[in-house]
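S.K.: Pasting a structure here, questions to come.
The values are calculated or read from the model by the stated rules, or taken from the named source; none is laboratory data. This structure is a prediction, so every number in the text was calculated from the model and none was measured. Don't worry about glycine lacking a Cβ; one is built from the backbone with ideal geometry, like all the others, and counts go over all protein chains shown.
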Amino acid sequence: MLNEDYLQRIKSLHAALGIDDSHLGSCGMPLCHVPVALVEAGEDIYGRPQLLTRETFESWKKMCQQAALDGVLLQLVSGFRDLDYQAEIIRRKLDRGQALNEILKINAAPGFSEHHTGRAIDLTSPEGLALQEKFEESCAFKWLVNNAVSFGFNMSYPRNNQAGIAYEPWHWCYDGHRRDLSSE
């Protein structure tokens, strides 16, 4: 059940950003709830402290360990974002003159970002392809495609996804449904 205060906060942020009320029902993505508890997940590539749910963090650590054993370094770009942080990302783009409809093809509106859940992570590798489609050419991406699901992570925004968000090969979300790939 969605908390009414949370919904009002989302509506207020949308109004401040110029996002129409109809977006709540038409964006093709579910509202995302902020978790009750988050844990420290270390720093991202920019030195900013990151938070994740405990389950996400534990699986993230295991996934990084296995990737390292396989010769691949996974690096965190972003984890949990609250509503205000998500709004600020959009506000900065609006201030640079970007059109709102174009921004919302790349960035979820406040309340709809999987980052609010503490289960979404944006990843990169030492190849320096943070938040770029070219990340799909990296060894890290190839490793993720073949292994992330066994740690409970799935790529949320593949090409032509139902949410209408641009292809994001760097964005992975923990859903906890692990598959044993060795039996396939």
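S.K.: Please go through region 8-30 and give me each residue that is within 16 Å of Tyr85 (Cα to Cα) and of a type outside the set (Val, Ile, Thr), ordered by number.
M.R.: Arg9, Lys11, Ser12, Leu13, His14, Ala15, Ala16, Leu17
Residue by residue, here is whether (1) acidic (Asp, Glu); (2) at pLDDT 95 or above holds:
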residue	(1), (2)
Arg92	no, yes
Leu104	no, no
Ala108	no, no
Glu127	yes, no
Phe141	no, yes
Asn146	no, yes
Phe153	no, yes
Ser182	no, no
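S.K.: For region 132-154, give me each residue that is under 21 Å from Phe57 (Cβ atoms) and either of a type in the set (S, T, N, Q) or surrounded by fewer than 19 Cβ atoms within 10 Å (Cβ to Cβ) (or both).
M.R.: Residues satisfying the conditions are Asn147, Val149, Ser150, Asn154.
S.K.: Ok, one more. Scan the strands (runs of 3 or more DSSP E) fully inside region 80-184 and keep the ones with 2 or more residues being in contact with a Leu (Cβ under 7 Å, 6 or more places away or on another chain).
M.R.: In region 80-184, the matching strands (runs of 3 or more DSSP E) lie at 120-124.
S.K.: Condition first: hydroxyl-bearing (Ser, Thr, Tyr) and touching a helix residue (DSSP H, G or I) at 6+ places or on another chain (Cβ under 7 Å). Can you find one or more residues in region 132-141 that meet it?
M.R.: no
S.K.: Is it the case that Thr124 is closer than 30 Å to Ser22 by Cβ and among the hydroxyl-bearing types (Ser, Thr, Tyr)?
M.R.: No, not satisfied.
S.K.: So, one more: Go through region 17-35 and give me each residue that's part of a loop (DSSP other than H, G, I, E, B) and farther than 30 Å from Arg54 by Cβ.
M.R.: Once the filter is applied, which keeps residues that are part of a loop (DSSP other than H, G, I, E, B) and farther than 30 Å from Arg54 by Cβ, region 17-35 yields Gly18, Ile19, Asp20, Asp21, Ser22.
S.K.: Are any residues in region 1-40 within 22 Å of the chain's Cα centre (by Cα), more than 20 Å from Lys105 (Cβ to Cβ) and modelled with pLDDT of 85 or more, and if so, which ones?
M.R.: Once the filter is applied, which keeps residues that are within 22 Å of the chain's Cα centre (by Cα), more than 20 Å from Lys105 (Cβ to Cβ) and modelled with pLDDT of 85 or more, region 1-40 yields Tyr6, Leu7, Arg9, Lys11, His33, Val34, Pro35, Val36, Ala37, Leu38, Val39, Glu40.
S.K.: Sort out which residues of region 115-126 are surrounded by fewer than 23 Cβ atoms within 10 Å (Cβ to Cβ) and either acidic (Asp, Glu) or out of contact with any strand residue (DSSP E or B) (no Cβ under 9 Å at 6 or more places or on another chain) (or both), and write them in order of number.
M.R.: Listed by number, the list holds a single entry, Asp122.
S.K.: Give me the residue from region 169-179 that is of a type outside the set (Gly, Ala, Ser) and modelled with pLDDT under 95 and, out of that set, farthest from the chain's Cα centre (by Cα).
M.R.: The extreme case among them is Arg179.
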